[in-house]
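Peer 1: My questions all concern the structure below.
The values are calculated or read from the model by the stated rules, or taken from the named source; none is laboratory data. Owing to the predicted nature of the structure, the values given are computational and were not obtained by experimental measurement. Note that each Cβ is placed from the backbone with ideal geometry, even for glycine, and that neighbours are counted across all protein chains shown.
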Amino acid sequence: MIQKTLHLSKIILANDKEAIIGGGLLIEDSKIISVGKKEDFGDLTSKNFQIIDHGETLICPGFINLHTHLLYSKLNLIDGSDGLFPWLKELIDSTLNWREKDFIASINYGINQALSSGTTYIVENTPNLLSVQELAKGPIKALIGLEVFGSNEEEAEKTFQEALDFNSKFSILNSQLNFTFSPHAPYDVSKPLWEKLTHWSTGNNKPLLTHLEESPQEKLWWQRKSGPGVDFWKNINRLEPKLKYWKKYKSGVDFLNKNDLLSKNIIATHLSQATKEDLLILKEKNIKLVHCPRSNFYLNNGTANLKFWNELGFLWGIGTDSNASNKNLDLLEELRFAINQQKLVYNFSISAKDGFSAITSNAAKIISKDSYIGYLKSGYCADFLIFNIKEKSGCTYSDPYHLLIWDLNSNKDLKEVWINGQKAWLAKHVLHKI
Ligand SMILES: [Zn+2]
């Protein structure tokens, strides 16, 4: 018989109801049976379930990181003050001497960093099978997009077939992983290749992950066919097909729009350089957006206008991007940075509760997983975090979302991470006590 377990905690943030003070989370196998006040569970001395009393803690759903590249986790932040293309060249150069074992170590470093800061679901972009292979060994769930590049229109069919072959190898590994494509960016994927990927995504009802309107240097390319992008492509031998096939457009969004490539399945990351005109087009096409504020900051790419995103009613979430353009993969830190920066740049206030939704429930909606994760409710996956709030006992708990976002640190206060009803990570200092 499968044992039911009741997790008791001072505060439970279930996400579809008010915060529960003095609550319980009843789990059976990998799923949640019910969530409520401790007294709702009746006689706790009966043997209906095992009880784990976590004491002075806060329990919330696991965090969802909507944009990463785990391959580069072990690279320290690469100087991005000259913008995207010089940074991309540095990125390529930094890993030139890496062997397979270096990439594998880097991926695992990233997986551990994500898990130990409360990430239970990750949206990964990868050019090869390595991160799939490593993610398949661990508890983190993931949507993995195979990165597709292709500047030459004549090679679109070949590139697409190769990508399909690759994708079929993905799907055999693990049921916790979902697979799709990541056309890298409009400036790197030719029109016929985009058409094939769009057709595939619509037919298979899969998201398409892409970088969009990330840097001022992209705009220079689209509008004038000049700037650091030209040097970069010359360097990697891709300039010729680009000059041959790419016409001038106002932006990447303009290119996608005029070529009828803006499918609603697109999940677009960055938009730090999107104009209001771009955003109006994207909204009309129901595109979902991902904000990576620290990556945009370190690469000198400005920042997205979340005030305008909200006015237009976009569904948006947050990603950390990779450690090559960030300091770590900690989503709470990313969120705090986002909230502070939006206040500073746009005088736009994001409440702790809205910020929390961006890394849990709204993120789940973006990847169409909101019937499984992002909430603590009956029938959902038992993916949750336990934070120690013992030292915060002076607080009134009047705003538990504020407590979580502003007073807790994942590296200090995160005690346990549970995925599918199993302990997936445990803080070291807790281990010592046992
Ligand atoms: Zn990225």
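Peer 1: Among residues belonging to the range 188-217 that are assigned to a strand (DSSP E or B) and among the aliphatic types (A, V, I, L, M), point out the one that is surrounded by the most Cβ atoms within 10 Å (Cβ to Cβ).
Peer 2: Step one: list which residues in the range 188-217 are assigned to a strand (DSSP E or B), which gives 189, 208-212.
So of that shortlist, the ones also among the aliphatic types (A, V, I, L, M) come out as 189, 208-209, 212.
Numbers: 189: 26, 208: 24, 209: 28, 212: 25.
Among those that are assigned to a strand (DSSP E or B) and among the aliphatic types (A, V, I, L, M), it is 209.
Residue by residue, here is whether (1) surrounded by 22 or more Cβ atoms within 10 Å (Cβ to Cβ); (2) in contact with a helix residue (DSSP H, G or I) (Cβ under 6 Å, 6 or more places away or on another chain) holds:
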position: 114; (1), (2): yes, no
position: 131; (1), (2): yes, yes
position: 141; (1), (2): yes, no
position: 151; (1), (2): yes, yes
position: 155; (1), (2): no, no
position: 158; (1), (2): no, no
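Peer 1: Could you grab me the full set of residues in the range 307-330 that are assigned to a loop (DSSP other than H, G, I, E, B) and of a type outside the set (Phe, Trp, Tyr)?
Peer 2: Going residue by residue through the range 307-330, those that are assigned to a loop (DSSP other than H, G, I, E, B) are 313-315, 319-322, 326-330.
If the condition is that a residue be assigned to a loop (DSSP other than H, G, I, E, B) and of a type outside the set (Phe, Trp, Tyr), then 313, 315, 319, 320, 321, 322, 326, 327, 328, 329, 330 are the ones that fit.
Peer 1: Considering only the range 186-212, state which residues are in contact with a helix residue (DSSP H, G or I) (Cβ under 9 Å, 6 or more places away or on another chain), within 16 Å of the ligand (Cβ to nearest atom) and farther than 11 Å from residue 151 by Cβ.
Peer 2: If the condition is that a residue be in contact with a helix residue (DSSP H, G or I) (Cβ under 9 Å, 6 or more places away or on another chain), within 16 Å of the ligand (Cβ to nearest atom) and farther than 11 Å from residue 151 by Cβ, then 186, 207, 208, 210, 211, 212 are the ones that fit.
Peer 1: Being under 20 Å from residue 63 (Cβ atoms), surrounded by 13 or more Cβ atoms within 10 Å (Cβ to Cβ) and in contact (Cβ under 8 Å) with a residue 60 or more places away in the chain is the filter here, so list the residues in the range 11-29 that pass it.
Peer 2: Here is the first cut: in the range 11-29, the residues under 20 Å from residue 63 (Cβ atoms) are 11-17, 19-20, 23, 25, 27.
Still in the list and also surrounded by 13 or more Cβ atoms within 10 Å (Cβ to Cβ): 11-15, 17, 19-20, 23, 25, 27.
Residues satisfying the conditions are 11, 12, 13, 14, 15, 19, 25, 27.
Peer 1: Let me spell it out: the conditions are (1) in contact with a Ser or Thr (Cβ under 6 Å, 6 or more places away or on another chain); (2) part of a loop (DSSP other than H, G, I, E, B); (3) in contact (Cβ under 8 Å) with a residue 40 or more places away in the chain, and residue 304 meets all of them except one. Which number is the exception?
Peer 2: (3)
Peer 1: Between 269, 275, which is touching a Ser or Thr at 6+ places or on another chain (Cβ under 8 Å) and either among the aliphatic types (A, V, I, L, M) or crowded, with 22+ Cβ neighbours inside 10 Å (or both)?
Peer 2: Details: 275 fails: either among the aliphatic types (A, V, I, L, M) or crowded, with 22+ Cβ neighbours inside 10 Å (or both).
Only one candidate qualifies: 269.
Peer 1: Another question about this same structure. What is the number of the single condition among (1) within 16 Å of the ligand (Cβ to nearest atom); (2) surrounded by fewer than 24 Cβ atoms within 10 Å (Cβ to Cβ); (3) over 14 Å from the mean Cα position of the chain (by Cα) that residue 390 does not meet?
Peer 2: Single failed check for residue 390: (1).
Condition check ((1) away from the ligand (no atom under 16 Å from the Cβ); (2) in contact (Cβ under 8 Å) with a residue 40 or more places away in the chain; (3) more than 22 Å from residue 115 (Cβ to Cβ); (4) among the acidic types (Asp, Glu)) across all residues:
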{"position": "290", "(1), (2), (3), (4)": "no, yes, no, no"}
{"position": "320", "(1), (2), (3), (4)": "no, yes, no, no"}
{"position": "330", "(1), (2), (3), (4)": "yes, yes, no, yes"}
{"position": "346", "(1), (2), (3), (4)": "yes, yes, yes, no"}
{"position": "357", "(1), (2), (3), (4)": "yes, yes, no, no"}
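Peer 1: While we're looking at this one, here's another question. Just need a number here: residues in the range 298-317 that are within 15 Å of the ligand (Cβ to nearest atom) and buried (at least 24 other Cβ atoms within 10 Å of the Cβ).
Peer 2: Within the range 298-317, residues that are within 15 Å of the ligand (Cβ to nearest atom) and buried (at least 24 other Cβ atoms within 10 Å of the Cβ) number 4.
Here's the yes/no breakdown for (1) at pLDDT below 90; (2) buried (at least 16 other Cβ atoms within 10 Å of the Cβ); (3) in a loop (DSSP other than H, G, I, E, B); (4) within 16 Å of the ligand (Cβ to nearest atom):
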site	(1), (2), (3), (4)
39	no, no, no, no
44	yes, no, yes, no
55	no, no, yes, no
60	no, yes, no, no
67	no, yes, no, yes
74	no, yes, yes, no
87	no, yes, no, yes
102	no, no, no, no
106	no, yes, no, yes
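Peer 1: Tell me, which residue of the range 268-282 that is within 12 Å of residue 314 (Cβ to Cβ) and under 20 Å from the mean Cα position of the chain (by Cα) is farthest from the ligand (Cβ to nearest atom)?
Peer 2: Restricting to residues being within 12 Å of residue 314 (Cβ to Cβ) and under 20 Å from the mean Cα position of the chain (by Cα), the top hit is 282.
Peer 1: Of the residues 255, 232, only one is of a type in the set (Phe, Trp, Tyr), within 29 Å of the chain's Cα centre (by Cα), assigned by TED's automatic domain parsing to the domain that holds residue 152 and closer than 16 Å to residue 197 by Cβ; which? Don't jump to the end; show me each part of the working.
Peer 2: Details: 232 fails: closer than 16 Å to residue 197 by Cβ.
Within the list 255, 232, the selection yields 255.
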